[in-house]
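Remarks on the structure that follows.
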């Protein structure tokens with residue numbers, strides 16, 4: 001797609017699909033690295049699907065895997081992916097917010113409709129997510145659906161962590177569902193309302209995502225907590241430029257993360273126990 005058309009489509013719809021952006025042979029290596037990360041992170045969680053919360057039944061989630069699994073960094077900071085992300089948010093320099101694996105188990109529930117940006121204490125609305133499937137993402141395995149133009153709506157917090165019906169649950173009929181193949185990358189704006197179908201297949205729907213934001217964005221004035229800013233002591237109103245959010249484009253070498261600080265917090269401990277975030281060394 002022509003760069004001008006790419007930006008115009010993203011500005012109009014709030015999402016854009018780039019077919020074959022990543023070479024399939026390269027992607028196979030990246031996928032194996034992410035598979036290893038998920039296996040290690042989730043090795044202590046032996047619960048059956050039905051024993052998990054509604055949110056956890058939507059997907060297995062492992063965040064910040066670029067930090068404790070160096071072989072994942074080639075995907076997190078993939079130059080083609082990061083260059084497109086920078087172009088879409090109009091940034092001369094791009095930073096990583098965090099990466100994550102989102103693996104939907106066989107029988108996994110649909111992911112509820114939501115916007116991403118309301119979960120992040122970022123004042124400026126210059127955020128974009130790259131959604132990268134390792135398998136065919138279709139109506140059987142759980143492809144994504146996006147509501148075109150919804151990124152122009154006001155931010156709306158939807159508590160998908162507790163589940164249940166919400167004000168955003170009536171938008172599925174407005175969504176455009178987008179099947180995707182390995183090598184394709186779907187980019188969506190932080191305010192684009194999106195969702196995913198459930199996994200009706202017998203195989204894991206394996207997907208990796210990375211969230212990026214324009215360099216120069218600041219922490220908002222609210223009280224929301226988030227590791228990407230809390231770990232580095234980023235204060236409200238200050239630029240988000242700590243080691244947890246390194247420059248992703250342009251770069252010469254992959255950044256090396258700093259160790260996580262000691263955090264005495266029950267939510268943090270639970271995240272480590274479930275393999276959502278890295279464990280302390």
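All of 72, 89 fail the test of being closer than 30 Å to residue 153 by Cα, buried (at least 21 other Cβ atoms within 10 Å of the Cβ) and in contact with a strand residue (DSSP E or B) (Cβ under 8 Å, 6 or more places away or on another chain), apart from 89.
Only residues in region 20-47 that are more than 19 Å from residue 180 (Cα to Cα) count as the first member; pair them with residues that are surrounded by fewer than 16 Cβ atoms within 10 Å (Cβ to Cβ), Cβ under 6 angstrom, at least 6 apart or cross-chain, and list the lot. Every condition considered, the pairs that remain are 33/71.
Any chance region 192-202 includes a residue that's touching a residue at least 12 places away in the same chain (Cβ under 8 Å), assigned to a strand (DSSP E or B) and either within 25 Å of residue 95 (Cα to Cα) or in contact with a helix residue (DSSP H, G or I) (Cβ under 7 Å, 6 or more places away or on another chain) (or both)? Among the residues of region 192-202, at least one is touching a residue at least 12 places away in the same chain (Cβ under 8 Å), assigned to a strand (DSSP E or B) and either within 25 Å of residue 95 (Cα to Cα) or in contact with a helix residue (DSSP H, G or I) (Cβ under 7 Å, 6 or more places away or on another chain) (or both), which makes the answer yes. Only one entry of 159, 99 meets the criterion of being at pLDDT below 95 and under 30 Å from residue 260 (Cα atoms), and that entry is 159. Scanning region 167-198 for residues that are under 19 Å from residue 120 (Cβ atoms) and at pLDDT below 85 gives a single hit, 168.
What number of residues within region 38-76 satisfy the criterion of being farther than 30 Å from residue 254 by Cα and within 18 Å of the chain's Cα centre (by Cα)? Talk me through it step by step, then tell me what you get.
Kept after step one, since they are farther than 30 Å from residue 254 by Cα, are these residues of region 38-76: 45-58.
Remaining after also requiring within 18 Å of the chain's Cα centre (by Cα): 55-58.
Residues flagged as farther than 30 Å from residue 254 by Cα and within 18 Å of the chain's Cα centre (by Cα) within region 38-76 amount to 4.
If residue 254 meets every condition in (1) closer than 30 Å to residue 136 by Cα; (2) touching a strand residue (DSSP E or B) at 6+ places or on another chain (Cβ under 7 Å) apart from one, which number is that one? If we test residue 254 against (1) closer than 30 Å to residue 136 by Cα; (2) touching a strand residue (DSSP E or B) at 6+ places or on another chain (Cβ under 7 Å), just (2) comes out false. Considering every residue within region 218-236, establish whether at least one is within 27 Å of residue 55 (Cα to Cα), more than 19 Å from the chain's Cα centre (by Cα), at pLDDT 95 or above and in a loop (DSSP other than H, G, I, E, B). Yes: one or more hits.
The values are calculated or read from the model by the stated rules, or taken from the named source; none is laboratory data. Being a predicted model, the structure only gives us computed values, none of them experimental. Virtual Cβ from ideal backbone geometry, glycine too; neighbours counted across all protein chains shown.
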